[in-house]
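This report concerns only the one structure given below.
The values are calculated or read from the model by the stated rules, or taken from the named source; none is laboratory data. Predicted model, so just to flag it, every value in this text is computed and none were measured. Ideal geometry is used to build each Cβ from the backbone, glycine not excepted, and the neighbour counts take in all protein chains shown. Each accessible area value is taken on the protein alone, full model and side chains, heavy atoms only, with ligands, DNA and RNA left out. Shrake-Rupley method; radii C 1.70, N 1.55, O 1.52, S 1.80 Å.
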Amino acid sequence: MDLLERHTQLEDLAQHLRAAAAGTGKIVFVSGEAGAGKSTVVEMFAQQAPRGTRLLWGHCDALQTSRVLGPVHEVASGLSLPQASRSESSSREALFGQLLERLSPPHPVSLVVLEDIHWADEATLDFVRFLGRRIQRTRCLLIATHRDDELPATHPLRAVLGELIGQHAARLRIPALSLAAVEQLARGTRHDARHIYQVTEGNAFFVRELLSAQPGTVPETVRDAVLARLMACSPAARALTELVSLLPGKTPSWLQNTLLGDSGAAADEAVARGLLRDYEDALGFRHELGRLAVEGAVPRARARELHASILEALAAHDADLSQLVHHASHAQDIPALLLYAPQAAERAALAGAHREAVAHLATALRHADSLTSPERARLLERHALGCNMTNQVATAIASAQTALALWKALGDVTAQARVQLLLAQQYWKAGQKCLVDQHVNRAIELLETLPPSPELAMAYSNRSRFAMTGHRWEEAVQYGERALELAERFADHSVRAHALTNIGAALLSVGEAEALEKLERGLAVALEHNLSEHAGRAYANLVELAVSQRRPELAERYLATSVDYCETHEVQDCLSYNRAYGAYFELNSGHWDEAARMATELIEYHALAAAQRIPALAVLAVVRSRRGDPGVDALLDEALQLAVPTCEIARIGPVAAARAELAWYRGDRDSVAREAAIGLGAARGCGDVWIYGELLWWASRADPEFKPPAPLAEPYELMIAGDWDRAARIWKQLGMPYERALSLAQGPEAALRESLAILETLGAGPLAAIVRQRLRELGVHSIPRGPRASTRANPAGLTAREIQVLRLLVQGHTNSELAERLHVATKTVDHHMSSILAKLEVRSRTEAVSAAFGLGICTAADGTGGQRPQG
C-alpha cells in the first residue's frame, strides 16, 4: 500500500532529525487513533533516515501489567550497553545516565523510537521525562508513539505530555485518510471506495484490511476481515497464528518451536496471507487490532491450555516476571500467580514503577484465600505501602485496615503498631485529622508495652511530625527529642533524620533562630545515609516553609534541588508537594502564567493527596481571582472542603485568605469578614506570623477600626497601621510585586499611579479597577489605561494561553479538539473560552474570531497555518 497523505508528517520528522544531527535534540510525540498508521509512518521515516543514523527501537506491550523498563532495556541493548548496567542490581539512575551519555555528542546521531507508550510502565515514562528534559543537549531524535483515542485525563502519559513542552518538544498527529486517498488506494480492486470510506471513516489499518478482502465482500469490522483471512489458512498456520495472538508483542522462534515444533512453513503462510509479520527471529501481528481479533476468537479452554504451555516454557527460559504473571493469570494458575506476582511487584518497586507494583500485588490479593494469615497480612501491608507511594489513599486504607485486623488476631504487637502508623499517614493525606492522632497514639500505646525499640522511636517521631503539621510546636519538639534520644541509643539514622526534620520545621514555623540549622541537619543525615524518603520530606518542608515564610533566597536555594532530587529518587509524594509550593513561589514572584501552568498541571494530571491538592487549587484560584478570570469559586470551594477537616493552618489559612480576597474584589465586606474568620479560627495560637498577618489584613478590610491582637509579620502590620510606604519597600525587597502594589494602593496619587503600573504589568484587572476608582475620587483625569507589556499586541488584554486558544479557534477547532491539542481537560478550555468572550465583549465563537482579526490579535496566517486534515 502506498503511503498517502503522510508527506507533511515525514518532512516534519526529517526536519527534527536534521536539528538533532546538528546537536540540538528533539522529542516528538506521534499520536493518532488505533489503526491510524503511526507505526507505518515512523517505520517509513526510519527507512529514509540518512546513512550513519543509529536506529534504536523499544516496544511497550499490552500485557496485563506492563514490563518494567522493557522498552528502555531494548534501547540499551541496541546501544550495546554492558549487561551489568541493565541488571536488577543496577540503579535506574545509572542506566538513564549511561543512555544520555551514549545519545549525546560526540556519539553519532540517533533515532530512538518508543512505540505505544500509552502502555508504558511508570519507570519507562520517567525515562521519557528524564531524556525529554535534556534532549536539547543530545544528538537524538526521540519519537514516542501513542494512541490518543483512549487516553483518559487521569492517564499517567497525560502528565508527561503536559510537562514536556517548549521548542525542543513537538506533537505530530496522524489523521484519518481522506475519501480521495481511499479512492486512490481502491483503484483496480473492484471495491466501492466510498462505501469502504463510510465503513472505516478513513482508518488506515481498517482500509487496508477491507481492500484485501475478496471482491464483492466488505466485512463490517476489523475482526470480520482478520478472521476471514484466518479461516482461509491451513490448520498449522491457524494454530501458529492463534499462539502468537496470545503473546502481546513478538513471539520468538524458540518459543514457537518449543510449543509447535518446526513451524517454518506455517509461519511463511501466515506472513503471506498478511496476518503476521516476520521480525528478526520472531513473529508478530501487523497491528494490535489484528492480534486482539484473533485472540478473541480462540476458544476459552484452548486459550487456557496454551497460556499454561506458554507459562511453563517462559518460566524455564527466565522470562520477564510481568510476562509470567500475565500468562499465569490467563491460565488461571493460582500457585504460579502467588509465586510470581509478589516477585514482579518487588522488581517494579525497585525500578520506581510503583503503579505496576501495586497492580501486581492487587492481582495476587485477588487469589490470596489459600495463603496463611501471616502471608495474607504481609501481602496486604505491602499493597497498602505501594498504594501510599501512588497516592491511592482509599485503597491503601482498606488494605491496611484488613492487615491490621489480621495482625490483631495473630497477636503481633509490633506489626499492629507499624500498620497503625501507616494508617495515620493515609488519614493525614486524606485530611482526616482526628483519625491521624488516634492511630499514632494507639501505635505508641502498643509499643510502650514492649521494651524500648527503634519502632517506638519512629512512633514518637510520627507524633512529633503530626504535631508539627498541626502547628503544635511545643509538642512537636517534645516528642521529637524523645525520638532522638532513642535514635542515638539504637543508632537509627532514619529516626534521626525524621525527628530532626520535625523539630526544625516546627521551630522554623514560629521563627526560632536555630530552626533552619536543625532542619538542614535532618536533610544532611538523610542524604549521608541514602534515605531518599526522609531526604525528600526534609526538602519538602524546607521548600514549604521558605515560601510560606516569605524567604525567597531560601526558596531559590532549595526549590530546583529538591525537585531534581525527588524526581531522581522517585519520591513522588514530596515531588508533587515541592511542585505545588513551587507554583506558590511563582505566584508570589509575580510570574502568574507559570504559577497557573504548574498548578493546572498538578490538578489535571496527577493523583494528589489533600495536602498537595489544596495549595495547587489555591494558587490557580488566586491567579484567576486577581486577573478577574472565571472559574474561581469552584476551585476555592473544593480547596476549603479539603482544608477544613485537616485542622491545619497551613492548609486552611491560605484558602481562607484567598476567599476573603475574592470577596473584597466583589465589594462584599460581610463575606470578607466571614472568610477571614474561618482562617483566624484555625490560626489561633499557631505562632505563624505570616499567615496570621495575611488573614488579619483581610479582616481589617472588612472593619477599618480593626486592631490586630497579636504580633504580625512586619509588612502586614505596617499595612494595617496605614504605613503603606514602608510596607511597599519591604514587599519590594521580598520580590512580591502584587503585595507591593496592594500597599501602594493605600497611598496618594503618585503611589496609586505606581501601583497601577505594576498591576497592568501583572494583568491584575480587579485591583487595577479599584486603584483607578481611587484616582478618580482624587479628581485625577489622565488615568493610564494601557495594557500590560505582555499583552500590548492584543488590545483586549488576553493572556498568552488565551491567545493560543483563540488562534486555534480561528483554525476551526472545537473545544474538545482544543483540549486534545493543549493536553488539558475540556472544562479548562471552557473556562478559557468564557474569559476570551468576556474580554473581547462578544457573545459567540464566531464573533470572537471576527474580533480577533479586527483587533489584529490574529492574522490570515493564523487561519491557515494549522488547518486540520480534510476527510
Original post:
Which of the residues belonging to the stretch 683-731 are open to solvent by less than 10 Å² (accessible area, probe 1.4 Å) and of a type in the set (Lys, Arg)?
Top reply: none
Original post:
Identify, please: which residue in the stretch 484-497 is open to solvent by less than 10 Å² (accessible area, probe 1.4 Å) and either touching a strand residue (DSSP E or B) at 6+ places or on another chain (Cβ under 8 Å) or touching a residue at least 40 places away in the same chain (Cβ under 8 Å) (or both) and is, among those, nearest to residue 461 (Cα to Cα)?
Top reply: 495
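Among 318, 281, which is the only one that is under 34 Å from the mean Cα position of the chain (by Cα), surrounded by fewer than 17 Cβ atoms within 10 Å (Cβ to Cβ) and charged (D, E, K, R)? Explain how you work it out, then say what you get.
Details: 281 fails: under 34 Å from the mean Cα position of the chain (by Cα).
Just one listed residue meets the conditions, 318.
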Original post:
Can you name every residue in the stretch 597-637 that is open to solvent by 10 Å² or more (accessible area, probe 1.4 Å), within 20 Å of the chain's Cα centre (by Cα) and within 19 Å of residue 671 (Cβ to Cβ)?
Top reply: 635
Subject >> residue 364, sole failed condition from (1) open to solvent by less than 20 Å² (accessible area, probe 1.4 Å); (2) aliphatic (A, V, I, L, M); (3) under 21 Å from the mean Cα position of the chain (by Cα) >> reply: (3)
Original post:
In the stretch 259-273, is there at least one residue being open to solvent by 30 Å² or more (accessible area, probe 1.4 Å), free of Cβ contacts under 8 Å to residues at least 40 places away in the same chain and touching a strand residue (DSSP E or B) at 6+ places or on another chain (Cβ under 7 Å)?
Top reply: yes
Original post:
Which of the residues spanning the stretch 353-364 are assigned to a helix (DSSP H, G or I) and touching a helix residue (DSSP H, G or I) at 6+ places or on another chain (Cβ under 6 Å)?
Top reply: 354, 355, 356, 357, 358, 360, 361, 363, 364
Original post:
Quick one: would you say residue 613 is in a helix (DSSP H, G or I) and either in contact with a strand residue (DSSP E or B) (Cβ under 8 Å, 6 or more places away or on another chain) or in contact (Cβ under 8 Å) with a residue 60 or more places away in the chain (or both)?
Top reply: no
**OP:** May I ask you to say which residue of 190, 223 is modelled with pLDDT under 90 and buried (at least 16 other Cβ atoms within 10 Å of the Cβ)?
**Re:** 223
**OP:** Test residue 481 against the stated conditions and say whether it is under 27 Å from the mean Cα position of the chain (by Cα) and open to solvent by 10 Å² or more (accessible area, probe 1.4 Å).
**Re:** no
Original post:
Restricting the search to the stretch 640-682, which residues are open to solvent by 50 Å² or more (accessible area, probe 1.4 Å), assigned to a helix (DSSP H, G or I) and acidic (Asp, Glu)?
Top reply: 670
Original post:
Looking only at the stretch 459-473, which residues are open to solvent by less than 40 Å² (accessible area, probe 1.4 Å) and either part of a helix (DSSP H, G or I) or closer than 16 Å to residue 418 by Cβ (or both)?
Top reply: 459, 460, 461, 462, 464, 465, 466, 467, 468, 469
Original post:
residue 588 passes all but one of (1) open to solvent by 10 Å² or more (accessible area, probe 1.4 Å); (2) over 16 Å from residue 762 (Cβ atoms); which number fails?
Top reply: (2)
Original post:
How many residues does the stretch 683-721 contain that are over 19 Å from residue 673 (Cα atoms) and either assigned to a loop (DSSP other than H, G, I, E, B) or acidic (Asp, Glu) (or both)?
Top reply: 7
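Listed here are the residues, each with its yes/no results for (1) aliphatic (A, V, I, L, M); (2) closer than 20 Å to residue 546 by Cα; (3) in contact with a strand residue (DSSP E or B) (Cβ under 7 Å, 6 or more places away or on another chain).
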{"position": "678", "(1), (2), (3)": "yes, no, no"}
{"position": "693", "(1), (2), (3)": "no, yes, no"}
{"position": "700", "(1), (2), (3)": "no, no, no"}
{"position": "716", "(1), (2), (3)": "no, yes, no"}
{"position": "719", "(1), (2), (3)": "yes, no, no"}
{"position": "724", "(1), (2), (3)": "no, no, no"}
Original post:
Any idea how many residues of the stretch 172-196 are touching a residue at least 40 places away in the same chain (Cβ under 8 Å) and either in a helix (DSSP H, G or I) or in contact with a strand residue (DSSP E or B) (Cβ under 6 Å, 6 or more places away or on another chain) (or both)?
Top reply: 8
Subject >> Any hit, the stretch 508-519, residues being at pLDDT 95 or above, closer than 27 Å to residue 163 by Cβ and part of a helix (DSSP H, G or I) >> reply: no
Original post:
Within the stretch 195-202, is even one residue among the aromatic types (Phe, Trp, Tyr) and either under 17 Å from residue 819 (Cα atoms) or open to solvent by 30 Å² or more (accessible area, probe 1.4 Å) (or both)?
Top reply: yes
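So that you can scan it fast, the table gives a plain yes or no per residue for (1) modelled with pLDDT under 95; (2) under 28 Å from residue 685 (Cβ atoms); (3) buried (at least 24 other Cβ atoms within 10 Å of the Cβ):
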residue: 417; (1), (2), (3): no, no, yes
residue: 446; (1), (2), (3): no, no, no
residue: 452; (1), (2), (3): no, no, no
residue: 475; (1), (2), (3): no, yes, no
**OP:** Scan 554, 559, 523 and give me the residue that is closer than 28 Å to residue 454 by Cβ and assigned to a helix (DSSP H, G or I).
**Re:** 523
Original post:
Among 425, 432, which is open to solvent by 20 Å² or more (accessible area, probe 1.4 Å), more than 18 Å from residue 461 (Cβ to Cβ) and polar (S, T, N, Q)?
Top reply: 432
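Look at residue 385 and say whether it is open to solvent by less than 40 Å² (accessible area, probe 1.4 Å), closer than 30 Å to residue 71 by Cβ, in a helix (DSSP H, G or I) and of a type in the set (A, V, I, L, M, F, W, C). Full working, then the answer.
Numbers: open to solvent by less than 40 Å² (accessible area, probe 1.4 Å): no; closer than 30 Å to residue 71 by Cβ: yes; in a helix (DSSP H, G or I): yes; of a type in the set (A, V, I, L, M, F, W, C): yes.
Answer is no for this residue.
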Subject >> Pair list, Cβ < 7 Å and 6+ apart or interchain, from the stretch 510-532 residues that are over 15 Å from residue 476 (Cα atoms) to residues that are open to solvent by less than 70 Å² (accessible area, probe 1.4 Å) and among the acidic types (Asp, Glu) >> reply: none
Original post:
Which residues, counting only those in the stretch 153-184, are open to solvent by 30 Å² or more (accessible area, probe 1.4 Å), farther than 30 Å from residue 596 by Cα and of a type outside the set (Gly, Ala, Ser)?
Top reply: 179, 183, 184
Subject >> Identity of the residue in the stretch 732-748, surrounded by 17 or more Cβ atoms within 10 Å (Cβ to Cβ) and part of a helix (DSSP H, G or I), that ends up farthest from the chain's Cα centre (by Cα) >> reply: 744
**OP:** Identify all residues within the stretch 131-152 that are at pLDDT 90 or above, open to solvent by 10 Å² or more (accessible area, probe 1.4 Å) and not in a helix (DSSP H, G or I); write none if there are none.
**Re:** 139, 147
